[in-house]
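Beneath this line is the structure, given in structure tokens, with notes to follow.
The values are calculated or read from the model by the stated rules, or taken from the named source; none is laboratory data. This one's a predicted model, so the numbers in the text were calculated from it and none came from an experiment. FYI the Cβ positions are ideal-geometry reconstructions off the backbone, even for glycines, and counts take in every protein chain you see. In case anyone asks, the SASA skips ligands and DNA or RNA and just uses the protein heavy atoms, side chains included. Shrake-Rupley method; radii C 1.70, N 1.55, O 1.52, S 1.80 Å.
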Amino acid sequence: MFISLQLLHMSVFSQSFSPCGRFLAAGNNYGEIAVFSLSAALSPDASQASQKPILNFTAHDGPVFSLLSTDTHLLSAGNGEISAWSWAELIKKVRVSCSVNDNSLIVGGGDNNIHIMDMETGIFKSVLKGHTDYIHCLCFKEREEEILSGGEDGAVRIWDSRTNRPVHCIEVFKYEECARPQFGKWISCLATDSDWMLCGGGPSLSLWHLRSMSPTSVFPLPGCQREAVFYQDLIMSVGEGPHVSHCLHGGTVKAQIPCTPSSLNTLALNLKNTEHRVMTVGGSSHQIDVFTNFSYRAFSLSF
Amino acid sequence: MSSDAVKKRKPKVIRNEAGTPETKRGRAEGEQDVLVYNEEVELEGRDPQQDYMLYKDTCAALAKLMAEIQELKSGGAKVGSVEMEERRRQCSVHFITLKKLNRLAHMRLKKGRDQTHEAKQRVDVLHLQLQNLLYEVMHLQKEISKCLEFKSQHEEIELVSEEEFFQEAPAEISRPHVTRDDHHQLTLARLDWELEQRKRLAEQYKMSLARKEKIHKAIEQKREYLSSLQPGLQNIMQASLPVQECLSMPFEQMQKQAEVARHLPPPLYVLLVQAAAYGQACGKTHIFTLNKTLSASISGDVDEAKALSRPPEDSQDDESDSDAEEEQQNTKRRRASVGVQLDDKRKEMLRRHPLSLCVDLKCKDGSVLHLFFYYLMNLNILTVKTKVSTTTDLSGAVSAGELLNSESLLNCLYASDHGQETPNPTNRYQFDKVGITTFADYVSDLGHPYVWVQKLGGLQFSSDGAQVALSASHMERTMKLLQGRLQARLALHKQFSSLEHSIIPISGECQHLFPAKVVSGLTRWTMMSYQEFTELGFVQHVLKAGLLRETDLFFMAVVERGTARLLAAVVVNPRYPEVMPLFSLSLHWKGERSGRTEDNLRAMESEVNMFRAELQGPRPGLQLLTNQIQRLCVCLDVYLETESQVCDGSEGPKEFPREKMCLRTARGPSRLKPFKYNHPQGFFSHR
């Protein structure tokens, strides 16, 4: 009975697909990471059992707020430390924590700063200071090599990754079209697609043109959005409210697809693998909804 | 014969037969003749064949003559002419010849007959003689066989075998020189020997009988003596009763109990033995008093129990008689209706054994849990009824009405043991026969057939028979559970009466879990029924998760602060405090939110529901519910105070000024509030 009690109070905070696209890792508020096999869950003879994780382990003491996959490793971030797990080992249902190599990792932390770590050596290379409250979200503009960060203080800051200096600072709540004072000013989601940026949170979800630094469209979504992504010519976002919103660039909400959790924290698209092209969402529930056709929920994976 | 015929003339005359007048005339002439006419002699000389030929000739001649006469007559000759007369005379002569031949034939016939008759007679005589002889032979044969079959009585006597006889018998009886040759003598000798032996043995028998009589008399005397002692002993026992009580060694009582216990059915007996043993082993609260933690006693009608266990042979004769009587009665009486018959069958099936067991379980605070155990004979299950007696008067907590209700007090002592259905699978078939659909209908009357009760009586329904080992292993555990259950219920009772007065009773040991100042307060505590509970909108997730059952207890708590009103629907499992009560929240403040719509309320729910180790307080964890309610109040405080951090468009003073110390007010993508209280620093943080 304690298990069902646990499940009743579970929330999923983060997700990440494996490099091959066949597995999904999800992190919850108890500090556990569960690995699901998508190929098993999507196969024609899938059963109740294939919607359960193939591996479930405790990664951190506190909730696992962020999961990120590199080519070989799964990085998980909790309440203070970052762990790296080898995907190859996870798929084999063994968990071994080890160091990673290649590239650098950008970490936005609860200490209001952004840290950049060299993944080969594990040493923090530099710190980007500027936010006055903790950082909700980060994203990277590849072309210009710029880092965008959004935080609880309501500001979206753009940093140059080569020089590690702030380039811009946008205080979204100051813009009347987007601001929603009844909710607050924090920014909890950021996404960028070359010249465009999506941001939302306390203020409404809005699409910005980065060259001109002005909002072009504001989406009339109730509730605060926690994660948004660009997909083809659509914008998909999740947040408070039990649905995934599909929006068009013009600012209209095309559809709101209902889901099981009462509010959603994370949305992930599996674009690496054409066979298992799915969208998964998780939130205030022990269940993770899987969308094979993005217009409706196909089934749910369960912790 | 012929000589006789010669002598007598008269028979010859008499032999004359009716013939024609002419022949008569001829005869008269012959009479005067002295010559003897001996036809018989003539008969012997004649040849029958010749006579036959003669006859044929004569007939032919006659025919010829008749034909001639005819011719003449038809030729017109006159009657009386010479030729006709001639012919007529010749016809007459022929006629005479015929007559003679006829006579001769008759005589031959007679002669033959006579001869045959004589021969027959001779044969008959011989035959008769033969018969006589045969009869005699048969008779003799029978006699012989009878003689041969004769068994003398002496053969029935079983004699000792010959070898033994020759060995044992003294010489004057056995006389071997004579008897070895002569079988008859041998038999006689053996019989003699037999007779002598028998006489000897009869003597011995008489002597033994006399001895037995003597001994018998001696025994009788001694018995009388013993029975005369009995009243004396009784007196001593009576006199010793006060002494027994004084020394707290109730032998008398125990004996009586043991006597009655013999008539208990096996499961109740096992239960009694185990309970008494357990009570003795670990129960004594004080050495010098009779107050044990657990005491067991038998109540009920012993005579009925004895009647039940009487062996069936005694009543067989009665049965056959009563059967006959009943048949007669049945034809006279109207047969009872089917419904009544079925009812009777049901009553019979659900019959209780007349003896029942009463076990009293004392708790440390003096309250007593009375358990009455009954045995249903035909169903082979034990049931239990309960009663609680407390040292203090339990008054007034309205919401606590259900807590000590004897129907539900012992529900779910072990998980999912509701005691509504019989645990014995064979009862299913028995019920079908008499049309009982569920046992639950009879539970209030007969008691609850919990599984742990069956186990205490050693009845396990995967195998047969009452097993003592099963009972013993469960006794201690069950008794502890029962004590725990009673204590928990009593504690809850007390707590509820406090809660109804809007006071949350927090014991000293649990003060550290909460900040010194808690502003939100409990304003209402009521009990709800299962129906009402399931109709609430914000508890559906608990229903769907299967975390509540009809046997649970449901309550509604209302916590208020200022304009904010928090409704908490509480599910308390009968196994509290082993199972944590489950809270579901709904907040009415600037709109309505519930744990489903708002992540922070959900976080509050998990703060209250999940942390048993912190909240249960000192063992045995009876503070759990009150601590949960207090924590709920604290969380509401935090929620309301940190909520006002939002830059509200509306101006004006905040309704709930921030008083709690928090490291940070939001964390994570869902920006949860810090609900965890840290002692002794007194600030709030996130988990």
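Restricting attention to the range A:61-118, report how many residues are within 14 Å of chain B (Cβ to nearest Cβ), at pLDDT 75 or above and over 23 Å from residue A:157 (Cβ atoms). Break it down into steps so the answer makes sense when it comes.
Within the range A:61-118, the subset within 14 Å of chain B (Cβ to nearest Cβ) is A:61-67, A:77-80, A:108-112.
In the following step, the residues that additionally are at pLDDT 75 or above were identified as A:61-67, A:77-78, A:108, A:111-112.
Now restrict to residues that are over 23 Å from residue A:157 (Cβ atoms): A:61-64, A:67, A:78.
Residues that pass the stated criteria total 6.
Hey, among A:204, A:149, which residue is open to solvent by less than 60 Å² (accessible area, probe 1.4 Å), touching a Gly at 6+ places or on another chain (Cβ under 7 Å) and at pLDDT 85 or above?
Values: A:204 fails: touching a Gly at 6+ places or on another chain (Cβ under 7 Å).
Just a single option satisfies the conditions, and that option is A:149.
Out of the residues in the range B:565-588 that are modelled with pLDDT under 85 and more than 11 Å from chain A (Cβ to nearest Cβ), state the one that is farthest from residue B:631 (Cα to Cα).
B:574
Condition check ((1) closer than 13 Å to residue A:222 by Cα; (2) open to solvent by 30 Å² or more (accessible area, probe 1.4 Å)) across all residues:
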{"residue": "A:240", "(1), (2)": "yes, yes"}
{"residue": "A:246", "(1), (2)": "no, no"}
{"residue": "A:257", "(1), (2)": "no, no"}
{"residue": "A:260", "(1), (2)": "no, yes"}
{"residue": "A:266", "(1), (2)": "no, no"}
{"residue": "A:271", "(1), (2)": "no, yes"}
{"residue": "A:276", "(1), (2)": "no, no"}
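Which one is nearest to residue B:385 (Cα to Cα), of the residues in the range B:361-371 that are modelled with pLDDT under 85 and in contact with a strand residue (DSSP E or B) (Cβ under 8 Å, 6 or more places away or on another chain)? Spell out the reasoning first.
Kept after step one, since they are modelled with pLDDT under 85, are these residues of the range B:361-371: B:361-369.
Then keep just the ones that are in contact with a strand residue (DSSP E or B) (Cβ under 8 Å, 6 or more places away or on another chain); that gives B:361-363, B:367-369.
Working: B:361: 13, B:362: 16, B:363: 18, B:367: 17, B:368: 14, B:369: 10 Å.
The residue in question is B:369.
Among the numbered criteria (1) more than 23 Å from residue A:75 (Cβ to Cβ); (2) free of Cβ contacts under 8 Å to residues at least 24 places away in the same chain, which single criterion is violated by residue A:153?
(2)
Can you name the residue in the range B:595-609 that is in contact with a helix residue (DSSP H, G or I) (Cβ under 7 Å, 6 or more places away or on another chain) and modelled with pLDDT of 85 or more and is also nearest to the other protein chains (Cβ to nearest Cβ) among such residues?
In the first step, residues of the range B:595-609 are kept if they are in contact with a helix residue (DSSP H, G or I) (Cβ under 7 Å, 6 or more places away or on another chain); the result is B:595-596, B:600, B:604, B:607-609.
When the remaining residues are screened for being modelled with pLDDT of 85 or more, the result is B:600, B:604, B:607-609.
Values: B:600: 11, B:604: 11, B:607: 9, B:608: 10, B:609: 6 Å.
Across the range B:595-609, the extreme among qualifying residues is B:609.
On the basis of being within 11 Å of chain B (Cβ to nearest Cβ), among the aromatic types (Phe, Trp, Tyr), more than 29 Å from residue B:543 (Cα to Cα) and open to solvent by 30 Å² or more (accessible area, probe 1.4 Å), does residue A:2 make the cut?
Values: within 11 Å of chain B (Cβ to nearest Cβ): yes; among the aromatic types (Phe, Trp, Tyr): yes; more than 29 Å from residue B:543 (Cα to Cα): no; open to solvent by 30 Å² or more (accessible area, probe 1.4 Å): yes.
Judged against the criteria, residue A:2 is not a match.
Just to check your reading of the model, which residue among B:73, B:146 is over 30 Å from residue B:37 (Cβ atoms), out of contact with any His (no Cβ under 6 Å at 6 or more places or on another chain), exposed (fewer than 12 other Cβ atoms within 10 Å of the Cβ) and not small (Gly, Ala, Ser)?
Details: B:73 fails: exposed (fewer than 12 other Cβ atoms within 10 Å of the Cβ).
Answer to the check: B:146.
Search the range A:46-69 for residues being part of a strand (DSSP E or B) and touching a Gly at 6+ places or on another chain (Cβ under 7 Å), and hand back the single one that is surrounded by the fewest Cβ atoms within 10 Å (Cβ to Cβ).
Selected residue: A:58.
Give me the pairs: first residue in the range A:218-244 and more than 14 Å from every other protein chain (Cβ to nearest Cβ) and without any contact (Cβ under 8 Å) to a residue 40 or more places away in the chain, second residue of a type in the set (D, E, K, R) and open to solvent by 10 Å² or more (accessible area, probe 1.4 Å), beta-carbon distance under 6 Å, and six or more apart or on different chains, which are they?
A:230/A:193
Taking the range A:12-45 on its own, how many of its residues are part of a helix (DSSP H, G or I) and surrounded by fewer than 17 Cβ atoms within 10 Å (Cβ to Cβ)?
1
Starting from residues that are touching an Asp or Glu at 6+ places or on another chain (Cβ under 9 Å) and more than 18 Å from residue B:354 (Cα to Cα), keep the ones in the range B:445-457 and report whichever is most open to solvent (accessible area, probe 1.4 Å). Please lay out each step first, then the result.
Looking only at the range B:445-457, we keep the residues that are touching an Asp or Glu at 6+ places or on another chain (Cβ under 9 Å), and these are B:448-452.
Then drop every residue that is not more than 18 Å from residue B:354 (Cα to Cα), which leaves B:450-452.
Values: B:450: 2, B:451: 62, B:452: 4 Å².
Going through the qualifying residues, I end up with B:451.
Residue B:526 is checked against (1) touching a Ser or Thr at 6+ places or on another chain (Cβ under 7 Å); (2) open to solvent by 60 Å² or more (accessible area, probe 1.4 Å) and fails just one. What number does that condition carry?
Condition (2) is where residue B:526 drops out.
Listed here are the residues, each with its yes/no results for (1) under 19 Å from residue B:362 (Cα atoms); (2) hydrophobic (A, V, I, L, M, F, W, C); (3) at pLDDT below 70; (4) outside any helix (DSSP H, G or I).
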position	(1), (2), (3), (4)
B:269	no, no, no, no
B:278	yes, no, no, no
B:316	no, no, yes, no
B:320	no, no, yes, no
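Select from the range A:238-264 the residues that are among the small types (Gly, Ala, Ser) and in a strand (DSSP E or B) and write down the one among them that is nearest to residue A:10 (Cα to Cα).
Applying the first criterion (among the small types (Gly, Ala, Ser)) to the range A:238-264 yields A:239, A:241, A:245, A:250-251, A:255, A:262-263.
Cutting the leftovers down to in a strand (DSSP E or B) gives us A:239, A:241, A:245, A:255, A:263.
Working: A:239: 17, A:241: 17, A:245: 23, A:255: 27, A:263: 12 Å.
In this case the residue turns out to be A:263.
I need every pair where a residue in the range B:503-523 that is under 20 Å from residue B:638 (Cα atoms) and open to solvent by less than 30 Å² (accessible area, probe 1.4 Å) has its Cβ under 9 Å from the Cβ of a residue that is among the basic types (Lys, Arg) and modelled with pLDDT of 85 or more, sequence separation at least 6 or different chains.
So the pair list comes out as B:513/B:631; B:514/B:631; B:520/B:561; B:521/B:561.
What are the residues in the range B:610-632 that are among the small types (Gly, Ala, Ser) and either closer than 13 Å to residue B:509 by Cβ or more than 13 Å from chain A (Cβ to nearest Cβ) (or both), if any? Spell out how you get there, then give the answer.
Going residue by residue through the range B:610-632, those that are among the small types (Gly, Ala, Ser) are B:613, B:617, B:621.
Correct list: B:617, B:621.
Could you list, in sequence order, the residues of the range A:170-191 that are in a strand (DSSP E or B) and within 11 Å of chain B (Cβ to nearest Cβ)? Lay out the reasoning, then the answer.
Start the filter on the range A:170-191 by keeping residues that are in a strand (DSSP E or B), which leaves A:170-171, A:180, A:184, A:187-191.
Residues satisfying the conditions are A:180, A:184, A:188, A:189.
Quick check on the range A:182-198: of everything there that is at pLDDT below 85 and open to solvent by 70 Å² or more (accessible area, probe 1.4 Å), which residue is farthest from the chain's Cα centre (by Cα)?
A:182
From B:558, B:539, B:608, which residue is under 55 Å from the mean Cα position of the chain (by Cα) and open to solvent by less than 60 Å² (accessible area, probe 1.4 Å)? Reasoning before the result, please.
Working: B:558 fails: under 55 Å from the mean Cα position of the chain (by Cα); B:608 fails: under 55 Å from the mean Cα position of the chain (by Cα).
The conditions single out B:539.
Those residues that are assigned to a strand (DSSP E or B) and touching an Asp or Glu at 6+ places or on another chain (Cβ under 7 Å), I need them from the range A:112-141; list them, please.
Of all residues in the range A:112-141, those assigned to a strand (DSSP E or B) come to A:113-118, A:124-129, A:135-141.
Result: A:125, A:136.
For the range A:152-176, name all the residues that are within 25 Å of residue B:591 (Cβ to Cβ) and open to solvent by 50 Å² or more (accessible area, probe 1.4 Å).
Hits for the range A:152-176 are A:173, A:176.
Contact list please: Cβ distance under 8 Å, first residue in the range A:8-26 and within 14 Å of chain B (Cβ to nearest Cβ), second residue open to solvent by 10 Å² or more (accessible area, probe 1.4 Å) and in a helix (DSSP H, G or I), pairs at least six apart or on different chains.
A:8/B:541; A:9/B:602; A:9/B:606; A:11/B:599; A:11/B:602
Go through (1) away from every other protein chain (no Cβ under 12 Å); (2) buried (at least 20 other Cβ atoms within 10 Å of the Cβ); (3) of a type in the set (Ser, Thr, Tyr) and name the single condition residue B:534 misses.
That leaves (2) as the condition not met.
What's the number of the condition residue B:97 fails, among (1) under 30 Å from residue B:40 (Cβ atoms); (2) loosely packed, with under 15 Cβ neighbours inside 10 Å?
The one condition residue B:97 does not meet is (2).
Among the residues of the range A:215-237, is any closer than 17 Å to residue A:297 by Cα and either open to solvent by less than 30 Å² (accessible area, probe 1.4 Å) or part of a loop (DSSP other than H, G, I, E, B) (or both)? First the steps, then the outcome.
Filtering the range A:215-237 down to residues closer than 17 Å to residue A:297 by Cα leaves A:236-237.
With the extra rule that they be either open to solvent by less than 30 Å² (accessible area, probe 1.4 Å) or part of a loop (DSSP other than H, G, I, E, B) (or both), the set shrinks to A:236-237.
Taking every residue of the range A:215-237 in turn, at least one turns out to be closer than 17 Å to residue A:297 by Cα and either open to solvent by less than 30 Å² (accessible area, probe 1.4 Å) or part of a loop (DSSP other than H, G, I, E, B) (or both).
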